[in-house]
Every structure is written in C-alpha cells, then in structure tokens.
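The values are calculated or read from the model by the stated rules, or taken from the named source; none is laboratory data. Predicted model only: the values in this text are computed from it and were never measured. Methodologically, a virtual Cβ is constructed for each residue, glycine included, from the backbone with ideal geometry; neighbour enumeration extends over all protein chains shown. The accessibility values were calculated without ligands, DNA or RNA, using every heavy atom of the protein model including side chains. Shrake-Rupley method; radii C 1.70, N 1.55, O 1.52, S 1.80 Å.
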Amino acid sequence: MKKKQYISAILLVFSSLFALATDGTIKDEKKSGDLKSEIKAYIRHHLEDTHDFSIGSYTTDEGKKKHIGFSLPVILWDDGLVTFFSGKLKHGKAVHKVGSKYYKLYHGKIYRTDADGTISYDPNKKVTNDKPLDLSMTKSVVTMLFTAALMFFLFRSLANSYKTNGSIAAGVGRFFEPVVLYIRDDIAIPNIGESHYRKYMSYLLTIFFFIWFLNILGLSPLGINVTGNIAVTFGLALLTFLITNLTANKNYWAHIFWMPGVPVLMKIVLAPIELLGVIIKPFSLLIRLYANIQAGHIVLMSLIGLMFIFNNWLGSSLSFVLAFAISIIEVLVALLQAYIFTMLSALYFGFAVEEHEEAH
Amino acid sequence: MEKLLGEFSFGLFIWQTFIVVGLLLLLRKFAWNPILNAINDREEGIRSALQSAEDARAEMQNLQADNERILKEARAERDGLLKEARKIKQKMIDDAKDEAKTQAAQIMTQAQAAIETEKQAAVAELKQQVASISIEIAEKVTKETLADDKKQSKLVKKLLKDVNL
C-alpha cells in the first residue's frame with residue numbers, strides 16, 4: 001500500500017517533467033538555437049500568475065501549441081462589472097468582445113483593445129492600451145482558495161477531534177498539533193510574552209500554515225507560484241504591519257517618536273530612523289518571502305531546463321541529480337520561510353506590546 | 001524595481017488580503033480558539049493531576065511516617081511491659097525463696113527444739129533408770145555386805161559389770 005503511494009507520488013513528479021520534456025524536445029527539433037530562450041520564457045511564464053489554470057502544454061505534430069488545463073473566471077471592473085471565462089481569450093490569441101469593448105490578454109495582463117486586438121507602445125516599449133481593473137480569479141487566487149479550504153477542513157477536524165476524542169487529537173491532527181504547540185511555545189510566547197501572546201495566536205497560526213501550504217503547493221508539479229508573487233507577500237506583510245501598529249501600546253510609539261533615556265537632540269535624530277524602521281520591518285518580510293520562493297523556483301526550473309540543454313546522458317543526469325537535491329532543499333525552505341515570516345511577525349508584535357518597567 | 005512593480009497585480013493583492021482575512025476570522029472562530037482552549041484545558045488538567053498525585057504521595061508519606069511512629073511506640077510499650085513482667089517474675093521468685101528460707105529455718109528451730117526436748121526426756125529417763133539400777137545395785141550390795149567384805153566388793157564389781165546402761 002505504502003509502496004503504491006510512493007510510486008504514484010514519483011509518477012506525479014515525473015509527469016510535470018514529461019510535460020516540459022515534450023515541449024522542449026519538439027522545439028529542439030524545430031529550431032535548436034531557440035531552446036534557451038524557450039526555456040527562459042517558460043520559466044518566466046511559470047513564475048507569473050495566469051488567468052487560466054494550466055497544468056502543462058504540448059505542441060502537436062502540426063506545430064500547434066496545445067494547453068492542458070481549465071479556464072478560470074475573469075472579473076474586470078471597466079465602468080461596470082465585466083465577467084467571462086479566461087478560455088475566451090485563448091491565451092492571448094483572441095480578442096474577446098464584451099458589450100462594445102474588446103479585451104486581449106497580452107503578457108499575462110488584460111488590456112482593452114480595438115476589434116483587431118492592436119497593442120500600441122510608447123517609445124519606452126511600454127504598452128499604452130487602457131488596463132481595466134483586473135479582479136480575476138487567477139491561478140493564484142484559486143490555489144489560495146483551495147489552501148484556505150484545506151486549512152479550514154484540517155484544523156476544523158483537529159478542533160472537533162478534541163471534543164470527540166477526549167482532549168486528544170485524532171487523525172491528521174496528531175501531526176498538526178505539535179506544530180500548533182511549537183508556534184505557541186517557541187514562537188509566540190518567547191517573542192510576545194505570556195500576557196499578550198493569545199490575541200496574536202490566530203494570526204500567527206493562520207499565516208504560518210497558509211505560507212507553508214502554499215510553499216509546498218508551489219513545489220508540486222502543478223506549477224503554482226503563489227508565495228513567490230510580490231502581491232501576495234505584500235498582502236501578508238501589510239497585515240503584519242497593520243496588526244503591529246494597530247495593537248501597539250504607548251510604549252512602542254514613545255520608542256519611535258520620543259526615545260526615552262537619550263538626549264533631546266538624539267531623540268530628534270532617532271525619530272525618523274525609527275519611523276523608517278516601522279516600514280522597513282514588514283517590507284523586509286515581503287521581500288524575503290518573495291525572493292526566496294521566486295529564487296527557488298527559478299533555480300529549480302533552470303536546472304530542469306538544463307537537462308534539455310545538455311541533452312546527453314552525463315550532463316542531463318547531473319542536472320537531474322542537482323534538481324533533485326534542490327527540490328529537497330526547497331521542501332526545507334518552504335517550511336523555513338513560513339517559520340521566518342511567522343517568527344518575525346511575532347517579534348514585531350512583541351515590540352508593539354512590550355512593557356518597559358524601567359527606563360533605558 | 002519597475003519590473004517588480006509591473007508584476008504587482010492589484011487584483012491578486014485584493015483577493016489575497018480578502019482570503020487571508022476571511023480565513024483568519026473563520027479559523028479563529030472554528031479552529032484556533034477551540035484548539036488552543038482544548039490544549040490549554042488539557043495542560044491544566046495534566047498539571048492539576050500531577051499536583052494531586054504529588055499531594056497524594058506526600059500524604060502517603062505522612063501516613064507511612066505515622067504508621068512507623070505508632071509501630072515504634074507499640075514496640076517500646078511492649079518492651080516496657082516485658083521488662084516489667086520479668087521484674088515481677090524475679091521478685092516473685094525471690095519472695096518465694098525468702099519465704100521458703102524463713103519457713104525452713106523455722107522448721108529447723110522447731111525440730112531442734114523437739115530434739116532437745118526428746119533428748120532431755122531421754123536423759124531424764126536414763127537418769128531415772130540409772131537411779132533405779134543404782135538402787136537395785138545398792139540393794140544387792142547391801143544384801144551381800146553382810147557376809148563378806150571380799151565378796152561384797154566382788155559382787156559390786158560383778159553387778160557393775162551387769163549393769164547395762
């Protein structure tokens with residue numbers, strides 16, 4: 001039974017490689033000099049959020065590119081709500097008409113165009129077409145919704161198991177309970193303190209598991225890159241920033257604007273520095289998570305891409321071994337980044353509620 | 001930096017914030033609070049159970065100490081009683097011995113007294129007999145004296161010989 005699970009897991013991993021493999025080799029036969037840029041484009045495309053949930057793509061013998069996946073709802077605000085399925089855009093190959101307006105997907109973004117789908121540029125090669133407010137349920141949104149549902153299911157069942165199993169976790173909760181305890185005992189309490197930690201626990205637990213699960217999903221062959229998206233990490237860091245500053249006590253603000261225990265001149269010098277620190281702290285959070293996950297994906301996919309560039313036994317197997325090793329490290333990074341984000345959030349909350357008994 | 005900002009998708013940001021906040025509120029109500037409360041209650045339970053076990057152990061120890069003390073006291077009392085009994089026994093034996101001794105002495109004195117009386121009586125009787133014998137002898141002697149002096153003395157001698165005390 002266990003063996004079967006292993007085999008299916010391995011198959012799943014390889015299936016994504018095969019998807020890439022067919023893509024690469026066929027292109028290789030067609031025009032081998034283009035392979036590098038092809039892989040580069042593939043990686044770039046993977047890192048971006050997309051309007052459809054693509055699992056893979058292949059090129060038919062006629063040289064036509066076929067995408068495997070499904071459409072997702074596109075939601076636009078363009079003087080009114082505009083909704084349609086992303087399949088209508090045909091991966092940027094078609095112009096979709098809604099009412100009197102035409103929309104076209106161009107480099108992962110939806111622009112308003114004329115009936116022919118003309119994209120115009122300014123001298124800096126920037127697109128000048130109008131861009132409606134895009135609130136589409138993209139691949140990342142769907143993945144986040146899935147993660148949220150998964151988390152709700154998992155932790156609801158853990159919470160229920162305490163009631164039904166006499167205060168002892170049952171099932172998958174047995175795995176997650178120690179993690180919850182770890183976050184409480186080794187992240188929240190030491191950083192925030194015994195008297196204040198409780199009100200931050202929900203947030204810390206939520207972001208920890210949210211980031212962790214999304215990082216792990218990012219390593220799945222589905223080609224998801226949610227936590228490596230700057231909008232997502234910005235949203236998370238913004239929440240940490242808001243919670244820190246909205247729950248901060250007088251002491252925290254005193255330490256920022258009028259540092260106690262230093263000469264008046266120093267107080268004036270320190271205030272802008274401290275104020276900058278308030279913004280830099282969450283900013284470092286958002287950049288750290290984004291950069292780590294983004295870099296991990298780039299390295300991993302580049303190594304997989306190398307297999308097709310080498311295209312021989314020695315080089316390709318070497319890059320495979322490297323990609324395999326990096327994959328294992330990425331599993332660790334997935335957990336580590338979730339831990340660091342949670343840990344630092346807890347640390348900032350700790351600053352916000354710290355009570356200073358003595359002036360220093 | 002410009003590329004980074006170009007990558008920034010406002011829609012995704014809105015969705016992400018919405019999802020995380022929604023998830024946070026839902027999980028807080030349905031998962032985190034129940035989980036944390038359950039864990040806290042359990043820990044509290046374990047702590048109090050340990051405390052009561054410790055208390056029970058201390059009580060047990062107290063009881064044991066009490067038992068030991070009582071046992072010791074009982075043992076001491078028993079020893080005391082035994083000692084007393086031994087003393088009494090010795091005393092009784094000694095008393096009996098003394099009594100016996102005095103009685104024996106008394107009996108001895110009485111016996112001696114009796115013997116003395118008997119002896120006195122015997123001596124008296126003997127004296128009487130000697131006296132009567134002497135009288136007899138004297139009688140015979142007196143009878144003989146009349147004839148011969150020689151014979152007289154001879155007779156006395158013979159009679160004296162015959163006297164059987």
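Which one of these is at pLDDT below 90, surrounded by 13 or more Cβ atoms within 10 Å (Cβ to Cβ) and within 14 Å of chain A (Cβ to nearest Cβ): B:5, B:12? Outline the logic, then answer.
Values: B:5 fails: surrounded by 13 or more Cβ atoms within 10 Å (Cβ to Cβ).
Answer to the selection: B:12.
Among the residues of segment A:91-132, which ones are without any contact (Cβ under 8 Å) to a residue 12 or more places away in the chain and outside any loop (DSSP other than H, G, I, E, B)?
Within segment A:91-132, A:121 is the sole residue that qualifies.
Within segment B:146-161, how many residues turn out to be at pLDDT 75 or above, of a type in the set (D, E, K, R) and open to solvent by less than 100 Å² (accessible area, probe 1.4 Å)?
Number satisfying all stated conditions: 0.
Of the numbered conditions (1) open to solvent by less than 90 Å² (accessible area, probe 1.4 Å); (2) β-branched (Val, Ile, Thr); (3) under 22 Å from the mean Cα position of the chain (by Cα), residue B:17 fails exactly one; give the number of that condition.
Going through the list (1) open to solvent by less than 90 Å² (accessible area, probe 1.4 Å); (2) β-branched (Val, Ile, Thr); (3) under 22 Å from the mean Cα position of the chain (by Cα), residue B:17 breaks only (3).
Looking at this structure, is residue A:76 open to solvent by less than 40 Å² (accessible area, probe 1.4 Å) and closer than 30 Å to residue A:296 by Cα? If you could, list the steps in order and put the result at the bottom.
Numbers: open to solvent by less than 40 Å² (accessible area, probe 1.4 Å): yes; closer than 30 Å to residue A:296 by Cα: no.
No, not satisfied.
Among the numbered criteria (1) within 7 Å of another protein chain (Cβ to nearest Cβ); (2) at pLDDT 90 or above; (3) open to solvent by 40 Å² or more (accessible area, probe 1.4 Å), which single criterion is violated by residue B:46?
Unmet for residue B:46, out of (1) within 7 Å of another protein chain (Cβ to nearest Cβ); (2) at pLDDT 90 or above; (3) open to solvent by 40 Å² or more (accessible area, probe 1.4 Å): (1).
What are the pairs with Cβ atoms under 7 angstrom where one residue, in segment A:169-185, is touching a residue at least 60 places away in the same chain (Cβ under 8 Å) and the other, located anywhere, is aliphatic (A, V, I, L, M)? Sequence gap at least six, or different chains.
A:183/A:204; A:183/A:205
Within segment A:245-288, count every residue that is of a type in the set (Val, Ile, Thr), within 30 Å of the chain's Cα centre (by Cα) and within 15 Å of residue A:351 (Cα to Cα).
First, pick out the residues of segment A:245-288 that are of a type in the set (Val, Ile, Thr): A:247, A:256, A:262, A:264, A:268-269, A:273, A:278-280, A:287.
Retained after the next criterion (residues that are within 30 Å of the chain's Cα centre (by Cα)): A:247, A:278-280, A:287.
With within 15 Å of residue A:351 (Cα to Cα) added as a condition, the list becomes A:247, A:278-280.
So the count comes out to 4.
Residues checked against (1) within 30 Å of residue B:28 (Cβ to Cβ); (2) of a type outside the set (Ser, Thr, Tyr); (3) open to solvent by 80 Å² or more (accessible area, probe 1.4 Å):
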site	(1), (2), (3)
A:67	no, yes, no
A:86	no, no, no
A:93	no, yes, yes
A:116	no, yes, yes
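Condition first: farther than 12 Å from residue A:39 by Cα and either open to solvent by 70 Å² or more (accessible area, probe 1.4 Å) or not hydroxyl-bearing (Ser, Thr, Tyr) (or both). Now tell me which residues in segment A:301-323 satisfy that.
Result: A:310, A:311, A:312, A:313, A:314, A:315, A:318, A:320, A:321, A:322, A:323.
Within segment A:203-222, which residues are out of contact with any strand residue (DSSP E or B) (no Cβ under 9 Å at 6 or more places or on another chain), more than 9 Å from chain B (Cβ to nearest Cβ) and either in a loop (DSSP other than H, G, I, E, B) or among the hydroxyl-bearing types (Ser, Thr, Tyr) (or both)?
Across segment A:203-222, the qualifying residue is only A:220.
Select from segment B:31-43 the residues that are surrounded by fewer than 14 Cβ atoms within 10 Å (Cβ to Cβ) and within 7 Å of chain A (Cβ to nearest Cβ) and list them in ascending order. Let's see the steps before the verdict.
Filtering segment B:31-43 down to residues surrounded by fewer than 14 Cβ atoms within 10 Å (Cβ to Cβ) leaves B:37, B:40-41, B:43.
Answer for segment B:31-43, where residues must be surrounded by fewer than 14 Cβ atoms within 10 Å (Cβ to Cβ) and within 7 Å of chain A (Cβ to nearest Cβ): just B:41.
Take segment A:257-287 and flag every residue that is of a type in the set (A, V, I, L, M) and closer than 29 Å to residue B:13 by Cα.
Looking only at segment A:257-287, we keep the residues that are of a type in the set (A, V, I, L, M), and these are A:259, A:262, A:264-266, A:268-271, A:273, A:275-276, A:278-280, A:285-287.
Passing the criteria: A:273, A:275, A:276, A:278, A:279, A:280, A:285, A:286, A:287.
Looking only at segment A:23-59, count every residue that is open to solvent by less than 50 Å² (accessible area, probe 1.4 Å), among the β-branched types (Val, Ile, Thr) and at pLDDT below 80 and tell me the total.
Number satisfying all stated conditions: 1.
Of the residues in segment A:238-283, how many are of a type in the set (Phe, Trp, Tyr) and either in a loop (DSSP other than H, G, I, E, B) or without any contact (Cβ under 8 Å) to a residue 40 or more places away in the chain (or both)? Before you say what the answer is, go through the steps one by one.
First, the residues of segment A:238-283 that are of a type in the set (Phe, Trp, Tyr): A:241, A:252-253, A:257-258, A:283.
Those still in the list that are either in a loop (DSSP other than H, G, I, E, B) or without any contact (Cβ under 8 Å) to a residue 40 or more places away in the chain (or both) too: A:253, A:257-258.
Counting residues in segment A:238-283 that are of a type in the set (Phe, Trp, Tyr) and either in a loop (DSSP other than H, G, I, E, B) or without any contact (Cβ under 8 Å) to a residue 40 or more places away in the chain (or both) gives 3.
Give the residue, chosen from A:223, A:228, A:218, A:235, that is under 23 Å from residue B:12 (Cα atoms), crowded, with 20+ Cβ neighbours inside 10 Å and free of Cβ contacts under 8 Å to residues at least 24 places away in the same chain.
Numbers: A:223 fails: free of Cβ contacts under 8 Å to residues at least 24 places away in the same chain; A:228 fails: free of Cβ contacts under 8 Å to residues at least 24 places away in the same chain; A:218 fails: free of Cβ contacts under 8 Å to residues at least 24 places away in the same chain.
Among A:223, A:228, A:218, A:235, only A:235 is under 23 Å from residue B:12 (Cα atoms), crowded, with 20+ Cβ neighbours inside 10 Å and free of Cβ contacts under 8 Å to residues at least 24 places away in the same chain.
Search segment A:166-188 for residues being within 10 Å of chain B (Cβ to nearest Cβ) and not in a helix (DSSP H, G or I), and hand back the single one that is nearest to residue A:203 (Cα to Cα).
A:169
Within segment A:130-165, which residues are more than 24 Å from residue A:228 (Cα to Cα) and open to solvent by 30 Å² or more (accessible area, probe 1.4 Å)?
If the condition is that a residue be more than 24 Å from residue A:228 (Cα to Cα) and open to solvent by 30 Å² or more (accessible area, probe 1.4 Å), then A:130, A:153, A:156, A:157, A:160, A:163, A:164, A:165 are the ones that fit.
Which numbered condition in (1) more than 12 Å from chain B (Cβ to nearest Cβ); (2) more than 16 Å from the chain's Cα centre (by Cα); (3) among the aromatic types (Phe, Trp, Tyr) is the only one that residue A:200 fails?
For residue A:200, the failing item is (1).
If the requirement is being open to solvent by 50 Å² or more (accessible area, probe 1.4 Å) and within 14 Å of chain A (Cβ to nearest Cβ), which of these qualifies: B:69, B:28? Can you show your working first?
Numbers: B:69 fails: within 14 Å of chain A (Cβ to nearest Cβ).
After ruling out the rest, the residue left standing is B:28.
I'm trying to understand the selection: among the residues of segment A:166-199, which are at pLDDT 90 or above, among the hydroxyl-bearing types (Ser, Thr, Tyr) and surrounded by fewer than 14 Cβ atoms within 10 Å (Cβ to Cβ)?
Within segment A:166-199, A:182 is the sole residue that qualifies.
Assess whether residue A:286 counts as being in a helix (DSSP H, G or I) and crowded, with 21+ Cβ neighbours inside 10 Å.
Yes, satisfied.
Among the numbered criteria (1) over 20 Å from residue B:30 (Cα atoms); (2) in a helix (DSSP H, G or I), which single criterion is violated by residue A:225?
(2)
Since residue A:336 meets every condition but one in (1) within 30 Å of residue A:176 (Cα to Cα); (2) hydrophobic (A, V, I, L, M, F, W, C); (3) over 16 Å from the mean Cα position of the chain (by Cα), which condition does it not meet?
The one condition residue A:336 does not meet is (3).
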